[in-house]
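Each reported figure results from applying straightforward, stated rules to the coordinates on display, with no laboratory input. Computed from a prediction, not measured in an experiment: that's the story for all the values here. Don't worry about glycine lacking a Cβ; one is built from the backbone with ideal geometry, like all the others, and counts go over all protein chains shown.
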Amino acid sequence: MSASPAPALAPPPTPAVAPPPAPAVGALHLGGLEVWPPVVLAPMAGVTNAPFRSLCRRHAGGLYVSEMVGARGLVEGNANSQLKASFAPDEHPRSIQLYAIDPKDAADATRLLVRGCGSDGTGPGVEHIDLNFGCPAPKVTRHGGGAALPWHRDLYADIVEATVRAAGEVPVTVKLRMGIDDAHLTYLEAGRVAADLGVQAVALHARTAEQRYGPPADWSAIAALVEAVDVPVLGNGDIWEAADALRMVATTGCQGVVVGRGCLGRPWLFRDLQAAFEGRPLPPPPNLGEVADLLREHAELLVAAYGPVTGLRDLRKHTGWYLQGFPVGGALRKALNQVDTLAEVERLLAGVDRDHPFDEAMRRQPRGHTTPPKRVTLPHGWLDSRDHGSTGATLPAEAAEAVSGG
Ligand SMILES: Cc1cc2nc3c(=O)[nH]c(=O)nc-3n(C[C@H](O)[C@H](O)[C@H](O)COP(=O)(O)O)c2cc1C
């Protein structure tokens, strides 16, 4: 697998609607799954639930991964975990991100998911499982989970192996960060180990856990991983517009891209990405009226899935992202965050200036997490050994339940 030299840091902004060069990448093959364009919606806790995925999927092909679901919760039949593992009836491929710190939990949860999912476990099974080894949240790393886990390479390998074995024909991928911090990089080794154990692709969020979301993603690490493994690499970090995705593929040699914050409030980014990968001109961005329609549709999907109270509460985190850069005024934003009914959402949005154009400067405006670097919280003595077995450490029960992703 070859790659051209990549820049140390993600390149600077380019004009928003640059004519895309012909892409040199084909469909992504994950076992029996063919994914076109080679674009993956990044798992985002509290965001990439079934309603949001539906809205994104409507715009283009690709792979749309669920929010992170704890393996232990699934095994215990936790209603919230099962709800997170729900899919719209028309959703295909059904893709889920699993978080586990115990190989047995990982295998048991995988068997359940492959057999059937949804709130009562009787829906069709998942068609893709991604394992979370990238979460930097203290509540997760404090117990050795997420981005901390690959440091204990025996435990990491056991979880990957148990999942791949339990998944059978269903493709498994891993999502990594570069490591815990610059002195404890794990991604090349973790990528090779996962590939040897039968994962179908390795996704890399090109930052360390310590970096959180502070510095620009280091795309050169993606290129290094492409050189190191013989399965497809999915590059992740700082794709804000379609041109970024093409540049990431061109400069790193990765076979697919994972898009997170760029699509927050912009589900149409997937339409742009498909056009770019197909060498077509990008469609014009939506005006305020079209964005308001998407916001309303998002509200409808959330209410249909979770009811008005939970659904409209969930909507609050999205309204600011949709309306970013539009001169709608603070009063409307505030009112949208206090609505109780869909009718109120509709009434409030009916008053916007529908013809107001999208502000191009907003494309690259950071949103979602922007957390600066922060020391990673780890279990006592975690870094003293690379082998979990030799530490004699057992991870506490609450460590098995994930709380947030990243
Ligand atoms: C709100 C939010 C929640 C996230 N939750 C998860 C998660 O559950 N699992 C995961 O692997 N990554 C999670 N991430 C990280 C993203 O998947 C992605 O790796 C990261 O945002 C970098 O990509 P981007 O620059 O395209 O946003 C989360 C990111 C955000 C912004």
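See the values below:
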item	result
Per-residue Cβ neighbour rank within 10 angstrom, fewest leading, Lys84, Lys374, Lys334	Lys334, Lys374, Lys84
Potential lengthening between Arg280 and Lys317 on full extension [0.36 nm per residue; Cα-Cα distance subtracted]	10.1 nm
Residues of the range 38-76 with amide N under 18 Å of the 7 Å Cα→Cβ point at Leu83	44-54, 66-76
Added length on full extension, which subtracts the Cα-Cα distance from 0.36 nm per residue, Asn287 to Arg333	14.8 nm
FRET E, pair Gln324, Asp387, Förster distance 35 Å, beta-carbon r, rounded to 0.05	0.15
Nearest-20 debye value, the range 122-243 charge dipole, Cβ charges on Lys, Arg, Asp, Glu	400 debye
Interchain or long-range residues, amide H under 5 Å from Thr186's placed H	Gly179, Ile180
At R0 = 25 Å, FRET efficiency that the Cβ-Cβ distance of Ala183 and Lys139 yields, to 0.05	0.60
DSSP bridge orientation in the chain - percent antiparallel, rounded to nearest 5	15 percent
Order of Tyr64, Tyr322 - criterion: other Cβ atoms within 10 Å of each residue's Cβ, fewest first	Tyr322, Tyr64
The chain, relative contact order [Cα under 8 Å, separation at least 6], %	22 percent
The range 288-358 shape via C-alpha gyration tensor axes, a/c threshold 1.5	prolate
Neighbour-count order for Met362, Met44, fewest beta carbons within 10 angstrom listed first	Met362, Met44
Convex hull volume of the range 28-280 per residue (C-alpha atoms, cubic angstrom)	108 Å³
For the range 245-319 versus the range 183-242, the gap between their alpha-carbon centres in whole angstrom	23 Å
